[in-house]
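Contents: one structure, followed by commentary.
The values are calculated or read from the model by the stated rules, or taken from the named source; none is laboratory data. Since we're looking at a predicted model, the values are computed, not measured. Because the Cβ atoms are built from the backbone with ideal geometry, glycine has one as well, and the counts that use them run over all protein chains shown. Just the protein is used for accessible areas: all its heavy atoms, side chains included, with ligands, DNA and RNA removed. Shrake-Rupley method; radii C 1.70, N 1.55, O 1.52, S 1.80 Å.
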Amino acid sequence: MAFFSSSSYSSPAMQKGVFVSVPILILSVSFAAISLFLLSSSLSSCSCPASISSSSGNNADVASVGESVDDLRLTERISPTKEDIEWVRDLIRSNGLHMQKNELRKGINPRTRDQQLLDLNQYKGISHYEGEEANNHTALPCPGELLVEQHHSNYGEPWAGGRDVFEFLAESAKLKPNSRVLEIGCGTLRVGLHFIRYLDPRHFHCLERDELSLMAALRYELPSQGLLHKRPLIVRGEDMEFSKFGSDITYDLIYASAVFLHMPDKLVWTGLERLVGKLKPYDGRIFVSHNVKFCSRLGGDKCSEKLASLGLEYLGKQTHDSLLFNHYEIWFGFRRFKT
């Protein structure tokens with residue numbers, strides 16, 4: 001290719017400036033385009049954090065993306081992973097904590113629950129309004145027994161066991177936040193609180209007979225846990241009557257934790273008959289804890305026949321370990337095998 005410059009060909013006008021031939025101009029534009037391409041390629045291959053993969057990676061990958069992986073994991077599972085448990089164990093060891101007799105440090109006003117209750121009943125609190133002002137500042141007056149959490153001791157096991165039950169049931173039934181759950185006998189929401197927090201608003205229903213338990217649930221637990229916006233439907237009743245929950249609602253999970261132990265067998269069977277139509281076919285689950293005496297008293301064959309006549313199938317017995325204390329619960333599962 002020939003290159004022309006001002007020395008090889010020029011006119012008087014051209015001699016006053018710089019002459020650039022057409023081939024040189026084309027070459028310059030080509031060079032600029034190549035440079036721009038190389039620059040954009042280097043930017044696209046920068047050492048930016050990789051996007052989160054749907055598959056599980058190694059620990060280094062998890063550490064590199066930080067909280068976003070934790071947020072993703074929370075949407076995928078309910079119970080803690082082995083890595084979660086090892087992490088907290090390492091933290092306990094690194095802080096030199098041991099299983100021994102420990103006494104919690106008291107604050108500037110160390111009082112037992114009984115002493116707090118005495119103050120609440122006598123003075124309505126520590127700093128409190130007097131006379132006509134006394135009733136103008138508390139939106140949800142709460143009994144002192146609830147404020148000192150005496151209802152947390154009304155069970156045969158620690159209050160923390162409610163989390164264990166929730167994890168087992170939610171994962172066994174493969175629940176999602178838009179699932180619907182009905183509890184028979186939710187009491188003071190030891191288990192229900194976890195379902196209410198996990199599920200979409202209005203998707204947790206409960207039938208409970210005891211007034212004091214309902215008082216604890218509605219006047220203490222829901223407000224103190226910041227769950228009023230979840231609007232759970234909790235109904236007082238004791239005859240396995242579910243009409244107040246609506247006739248067109250079907251549930252992904254129906255469960256009763258030790259409640260059937262306190263009911264006559266006939267009432268349990270009446271309740272099951274009413275519940276079958278409210279359970280989603282095939283994928284929905286009914287779980288009953290501790291025992292199924294209402295069924296075993298009939299004998300194996302008769303029980304199976306009666307369940308089949310209701311459209312229910314027994315799925316077997318499962319156990320679930322507690323995360324915090326040496327304890328497990330026995331659960332019996334059922335499903336609706338026809339529409």
Accessible surface, the range 150-336, averaged per residue in Å² (probe 1.4 Å): 49 Å²
Where both partners of a DSSP beta bridge lie in the range 150-336, what percent of those bridges are antiparallel, to the nearest 5? 45 percent
Roughly what % of Cα-Cα distances in the range 150-336 sit above 21 Å, to the whole percent? 48 percent
Within the accessible area of the range 150-336, what % is carbon and sulfur when the probe is 1.4 Å and the other protein chains stay in place? 49 percent
Do you know the relative contact order of the range 150-336, to the nearest whole percent, from alpha carbon pairs under 8 angstrom that are 6+ apart? 20 percent
Tell me, what HN-Hα J-couplings in whole Hz come from the Karplus equation 6.51 cos²θ - 1.76 cosθ + 1.60 at θ = phi - 60° for each residue of the range 202-213, using x for Gly and Pro? 6, 9, 10, 10, 8, 10, 9, 9, 8, 5, 5, 5
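Work out the FRET efficiency for Asp301 and His128 from their Cβ-Cβ distance, taking R0 = 45 Å, and round it to the nearest 0.05.
According to the calculation, E is roughly 0.10.
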Which trypsin sites (Lys or Arg not before Pro) from the range 162-260 combine a DSSP loop assignment with at most 13 other Cβ atoms within 10 Å? Lys174, Arg202
Among the Cα-Cα pairs of the range 78-198, the proportion with separation greater than 17 Å, in percent, is 74 percent
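Which FRET efficiency, nearest 0.05, do Ile78 and Ile249 yield, Cβ-Cβ r, R0 22 Å?
Working: r = 23 Å, r/R0 = 1.04.
After rounding to 0.05, the efficiency reads 0.45.
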How much length would be gained if the chain were fully extended between Asp210 and Glu313, taking 0.36 nm per residue of separation minus their Cα-Cα distance, in nm to one decimal? 34.0 nm
So which of Lys266/Lys338; Lys293/Lys338; Lys174/Lys278; Lys82/Lys317; Lys244/Lys338; Lys266/Lys293 end up more than 20 Å apart by C-alpha? Lys266/Lys338; Lys293/Lys338; Lys82/Lys317; Lys244/Lys338
Subtracting the Cα-Cα distance of Asn102 and Lys266 from 0.36 nm times their residue separation yields 54.2 nm
